[in-house]
1. With 313, 318 as the choices, which residue is open to solvent by 10 Å² or more (accessible area, probe 1.4 Å) and over 27 Å from residue 485 (Cα atoms)?
2. Based on what the data block shows, is residue 324 assigned to a helix (DSSP H, G or I), in contact with a Pro (Cβ under 9 Å, 6 or more places away or on another chain) and either among the hydroxyl-bearing types (Ser, Thr, Tyr) or without any contact (Cβ under 8 Å) to a residue 12 or more places away in the chain (or both)?
3. Could you list, in sequence order, the residues of region 351-365 that are under 13 Å from residue 290 (Cα atoms) and of a type outside the set (A, V, I, L, M)?
4. Can you say whether residue 330 is more than 22 Å from the chain's Cα centre (by Cα), more than 10 Å from residue 385 (Cα to Cα), modelled with pLDDT of 85 or more and surrounded by fewer than 24 Cβ atoms within 10 Å (Cβ to Cβ), as far as the supplied structure shows?
5. Hey, which of the helices (runs of 4 or more DSSP H) in region 333-417, taking only ones fully inside, have at least 1 residues that are within 17 Å of residue 302 (Cβ to Cβ) and of a type in the set (Gly, Ala, Ser)?
6. If you scan region 38-57, which residues turn out to be open to solvent by 10 Å² or more (accessible area, probe 1.4 Å) and under 26 Å from residue 124 (Cα atoms)?
7. Quick check: anything in region 414-430 surrounded by fewer than 23 Cβ atoms within 10 Å (Cβ to Cβ) and more than 30 Å from residue 220 (Cα to Cα)?
8. Among the residues of region 59-81 satisfying the criterion of being among the aliphatic types (A, V, I, L, M) and open to solvent by 10 Å² or more (accessible area, probe 1.4 Å), which is nearest to residue 416 (Cα to Cα)?
Amino acid sequence: MTRPRGAAPPRSPWPALWALVIGFFMILVDSTIVSVATPTLMAEFETDVNGVLWVTSAYLLAYAVPLLITGRLGDRFGPRPVYLTGLAVFTLASLWCGLSGELGLGLGGLIAARIVQGLGASMMTPQTMTVITRTFPAERRGTAMALWGATAGVATLAGPLLGGVLIDALGWEWIFFVNLPIGLIGWVLAWRLVPRLETHSHAMDLLGVLLSAAGLFAVVFGIQEGQAYDWGTIWRWVSVPLLIGVGVLLMVIFVAWQALNTREPLVPLSLFRDRNFSLANLGITTMGFTITAMIFPFYIWAQSVRGLSPTQAALVMAPSSILSFLLARQAGLLTDRVHPRVLVGSGTALLAVGLWLLSLGMTPTAPLWQALAAAAVLGIANPLIWGPLSTTATRNLPMAGAGAGAGIYNTTRQLGAVLGSSAIAVLMQTRIAAHLPAGGPGAGAMSMPGGGSAGLPPDVAEGISRAMAQSLYLPIGVILLGTLAALFFERPRHLSHREPTATPAQR
């Protein structure tokens with residue numbers, strides 16, 4: 001079809017995507033950047049590992065809970081203004097995070113600032129997927145989503161590397177201050193390059209928001225703080241099991257309300273009739289859980305047992321980020337041509353292998369090349385998962401439901417991350433108690449920012465190593481559930497149109 005004479009050529013969607021990627025990269029870096037600062041923050045705020053994990057969990061929880069409604073806000077008011085507002089909130093909250101120590105606000109002040117950061121991030125993330133879905137045709141969306149997915153994969157793994165460099169060179173505050181110039185540049189580019197898209201009127205399901213927020217908070221708080229209360233009474237008649245049970249019940253009521261809501265539910269359950277959308281959401285939940293859960297045991301081992309600085313510890317993981325970035329384009333091209341079952345299935349299985357190899361290398365004396373090799377395996381696996389999963393989830397979404405679909409997908413990813421952060425905190429404490437019964441969950445060695453095996457008694461170094469290595473078994477098991485889900489993907493519609501004679505087995 002020829003373009004009418006004098007008509008302007010269609011606007012390329014790529015500049016807008018690159019502008020959005022800057023902010024998206026920044027908010028995902030902040031999901032993991034605190035992990036490498038865990039020993040430093042424990043010493044700075046005189047707290048234990050569980051207290052510092054709340055710096056990450058609070059951010060992830062505040063990020064995850066509003067995603068369902070912020071995706072709808074993008075549909076109603078346009079992705080561009082919602083994204084710009086979220087980026088401004090996130091950037092200003094980063095300044096608050098960095099100043100929390102200087103202002104004497106303590107750990108509670110830092111956690112409060114991280115909550116505001118998470119709220120800003122929740123406004124941004126769905127808009128990036130919505131812009132891709134609404135500006136790229138289905139047959140070209142794989143390459144764009146591969147860039148989006150590669151950004152997620154590289155950012156979650158590069159966060160600790162960037163954090164390590166900043167902590168060693170400038171101090172822990174700069175893992176937050178660095179967001180200020182990046183946020184400003186990203187805001188200006190998004191304001192100039194992201195187009196104004198058609199809006200759709202949506203009703204706001206406030207009851208759904210309250211149910212999901214209360215349910216998620218109760219479950220996460222109960223899991224993460226259960227060990228601190230010996231899985232018993234928190235206050236008077238409120239116990240850990242009761243809190244978790246109430247949280248689960250609220251989530252069940254939330255789902256039931258979504259089915260009964262005759263106006264416009266927060267989660268249109270009709271979207272889950274598409275098998276690939278449902279399975280992709282399950283897959284990204286396992287991925288969010290795995291990536292978040294694997295980071296904390298590794299960095300605690302690397303710094304407390306092996307005596308590596310934050311930068312040195314992060315450099316051990318550098319092959320993962322480098323390979324993820326280098327292979328992103330090839331993975332994107334494959335995403336538009338190869339069945340997602342093949343890509344995601346092989347990627348998640350390879351990720352499990354990489355984590356298993358990493359656990360084998362987490363001893364007081366193992367050569368560091370073993371951890372480097374495991375990181376390389378993780379770097380090969382990541383591009384086969386992030387981009388293909390996001391593309392498969394959104395490929396068949398109707399344009400009017402792009403915001404809701406993006407909100408659901410990102411919510412499940414962040415829900416996985418929140419649960420991963422909470423669950424790994426419990427498991428690490430349990431394994432430390434098993435291997436260091438004298439020190440218990442708060443073993444003194446765990447609070448040594450630069451300890452190193454040379455400065456620890458051999459039995460303590462061995463106990464921490466075993467505890468952290470065994471903690472990796474949890475993310476290994478969870479990502480294998482993602483492998484199982486990938487086996488049931490259907491052939492995407494655009495591939496079916498290319499190959500109308502595909503057999504039922506191929507579909």
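1. Values: 313 fails: open to solvent by 10 Å² or more (accessible area, probe 1.4 Å).
That would be 318, the only listed residue that is open to solvent by 10 Å² or more (accessible area, probe 1.4 Å) and over 27 Å from residue 485 (Cα atoms).
2. Details: assigned to a helix (DSSP H, G or I): yes; in contact with a Pro (Cβ under 9 Å, 6 or more places away or on another chain): yes; either among the hydroxyl-bearing types (Ser, Thr, Tyr) or without any contact (Cβ under 8 Å) to a residue 12 or more places away in the chain (or both): yes.
When the stated conditions are applied, residue 324 passes them.
3. 354, 356
4. Working: more than 22 Å from the chain's Cα centre (by Cα): yes; more than 10 Å from residue 385 (Cα to Cα): yes; modelled with pLDDT of 85 or more: no; surrounded by fewer than 24 Cβ atoms within 10 Å (Cβ to Cβ): yes.
No.
5. Values: elements: 340-361, 368-381, 386-394.
Helices (runs of 4 or more DSSP H) meeting the threshold: 340-361, 368-381.
6. 54
7. Applying the first criterion (surrounded by fewer than 23 Cβ atoms within 10 Å (Cβ to Cβ)) to region 414-430 yields 423, 426-427, 430.
If we keep only those that are more than 30 Å from residue 220 (Cα to Cα) as well, we get none.
The answer is no; no qualifying residue exists.
8. Initially, region 59-81 is screened for residues among the aliphatic types (A, V, I, L, M), giving 60-62, 64-65, 67-69, 73.
Next cut, open to solvent by 10 Å² or more (accessible area, probe 1.4 Å) only: 61-62, 65, 68-69, 73.
Details: 61: 10, 62: 13, 65: 12, 68: 15, 69: 18, 73: 23 Å.
Selected residue: 61.
The values are calculated or read from the model by the stated rules, or taken from the named source; none is laboratory data. This structure is a prediction, so every number in the text was calculated from the model and none was measured. Here Cβ is always computed from backbone atoms with ideal geometry, including for glycine, and neighbour counts include all displayed protein chains. Heavy atoms of the whole protein, side chains included, go into the accessibility calculation; ligands, DNA and RNA do not. Shrake-Rupley method; radii C 1.70, N 1.55, O 1.52, S 1.80 Å.
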